[in-house]
Structures are given as C-alpha cells and as structure tokens.
Amino acid sequence: NVGLLFGLFMLFWNKYNTVKVSGSFWQKLCNNGLWIFLLAMLLWSVLSTIFSTNPDVSILGDSYRMDGLVSYFAYAGIFATAIQIRSKKHIMLILNIFVGAASALALLGILDIEIVNTYMRITPEGSIFCNTNHYGYYLCMSSMSSVMLFVCEGYGNLTKVKKVFVYIAHGLEL
C-alpha cells in the first residue's frame with residue numbers, strides 16, 4: 001500500500017516537474033505504455049468488481065489465494081515502486097539479493113537437514129512455498145536472474161570469487 005501511495009505521488013510529481021513532451025499520440029503511448037496498461041488493468045479490475053455477483057470475493061479474494069481487488073492495488077504499488085528504479089547499480093543489487101536468497105533456499109532444500117526443515121518449515125520439494133509449482137517458478141526466475149547477472153556484468157569483469165558464486169548459484173537453482 002505504501003508503494004501504491006508512492007506511485008501516485010510519483011505520477012503527480014512527474015506530471016508537474018517534467019518538460020511537456022510534444023509528439024504524436026503513438027509517441028506518448030510508447031513513452032508511457034507501462035503506466036497506461038497498469039491503469040487499464042486497474043480500471044478493468046474495478047469494473048469487474050463493481051459488476052461482480054460476489055463482491056466480497058471480488059474485493060478481498062478467496063481464502064486460499066486472496067487475489068481480489070485489494071491485491072491488485074498492492075501489485076500496482078509494487079510495480080509503481082519498481083518502475084522508479086533506474087540505476088543499474090540498484091538493479092544489480094536487487095538481482096544479487098534475489099539470486100543469493102534463492103541459492104540459499106535451494107541449498108537448504110538439497111541438504112535436507114531435519115532440524116532446519118522443521119524450524120524454517122522447509123520441504124525438499126517445495127522449500128518454503130506451499131505449492132511446489134510456486135517453488136519451481138521461483139527457481140526459474142532466479143536461474144534467469146543469475147544468467148542475467150553473469151551476462152550483464154560481463155564475464156571478464158567478474159572477480160574469481162564472484163565467478164564461482166555465480167556458477168554455484170546457477171547450479172543450485174537448476
């Protein structure tokens with residue numbers, strides 16, 4: 001929700017603190033396409049909720065997924081916050097943390113230490129996720145991120161320690 005407020009703030013901030021861009025409708029659409037599609041998705045979700053036969057589930061979601069309108073606004077807040085990150089340094093930091101966390105979870109799942117599994121509620125096949133498909137998706141995303149780290153930072157520019165870490169991280173995620 002804080003991300004959503006931040007996104008609204010940035011929307012007004014950018015509107016009033018940027019130079020007016022002239023150009024055709026298509027140029028403006030290309031420059032602001034992400035925001036336009038996000039707002040279109042939210043508008044469609046609000047309309048869908050308004051005309052729903054079960055407003056409680058439409059607003060809050062069901063007890064398992066909780067994927068109602070409130071969740072969509074939370075996703076919009078995450079998106080609005082993430083789209084403001086422009087610095088390559090910050091993006092690489094986020095990717096490093098993501099890949100490191102995924103590698104640690106994969107290692108704990110492979111080691112299968114009972115006391116750790118009980119304390120952290122980890123299963124070898126699903127890690128901390130309730131659904132094994134979610135864990136698989138998480139590992140796929142982290143595997144692609146580790147490849148991206150490897151490619152974007154340039155193989156020649158990596159230190160030997162970081163090369164080893166990237167190889168191990170990618171191997172654990174596979």
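Please give the helix 2-17 orientation as an angle from the longest Cα principal axis of the chain, in degrees from 0 to 90, rounded to the nearest 10. The angle comes out near 50 degrees. Per residue, the accessible area of the chain comes to 73 Å², computed with a 1.4 Å probe over protein heavy atoms only.
What the Cβ-Cβ distance of Asp62 and Val2 gives, at R0 = 25 Å and to the nearest 0.05, is a FRET efficiency of 0.50.
Label the range 74-174 by shape, choosing from rounded, prolate and oblate, from the square roots a ≥ b ≥ c of the eigenvalues of the Cα gyration tensor; if a/c is under 1.5 it is rounded, and otherwise prolate applies when a/b is larger than b/c, oblate when it is not. Oblate shape, in that a/c is at least 1.5 and b/c is the bigger or equal ratio. State the label only: which of [x] 16.6; [y] 18.7; [z] 19.5 corresponds to Kirkwood radius over Cα pairs in Å computed from the shown model? Correct label is [z]. Rolling a 1.4 angstrom probe over the chain with all protein chains present gives an accessible area of which 70% lies on carbon and sulfur atoms.
Spatially close Lys pairs in the chain, defined by Cα atoms under 25 Å apart and a spacing of eight or more places or different chains, total 10. Put simply, the amide H of Ser127, placed in the peptide plane, has no neighbours under 5 Å, leaving out anything fewer than 5 places away on its chain. Inter-label distance, Thr132 to Ile94: 3.2 nm, where each label sits 7 Å from its Cα along the C-beta direction.
Phi angles of the range 99-114 translate, via the Karplus equation with coefficients 6.51, -1.76, 1.60 and θ = phi - 60°, into HN-Hα couplings of 5, x, 5, 5, 5, 5, 5, 5, 5, 5, x, 5, 5, 6, 8, 4 Hz per residue; Gly and Pro are given as x. What's the FRET efficiency of Ala101 with Leu47 using the Cβ-Cβ distance as r and R₀ = 35 Å, to the nearest 0.05? The calculated FRET efficiency here is 0.40.
Once the Cα atoms are used to define both axes, helix 33-50 deviates from the longest principal axis of the chain by about 80 degrees. A simple spin-label model places the labels of Val161 and Trp13 3.5 nm from each other, with each point 7 Å out along Cα-to-Cβ. The relative contact order of the chain comes to 20 percent, based on Cα pairs under 8 Å that sit 6 or more residues apart.
The values are calculated or read from the model by the stated rules, or taken from the named source; none is laboratory data. Remember, predicted model here, so these are calculated numbers, not experimental data. Neighbour counts are summed over all protein chains in view; Cβ atoms, including those assigned to glycine, are modelled from backbone coordinates with ideal geometry. The accessibility values were calculated without ligands, DNA or RNA, using every heavy atom of the protein model including side chains. Shrake-Rupley method; radii C 1.70, N 1.55, O 1.52, S 1.80 Å.
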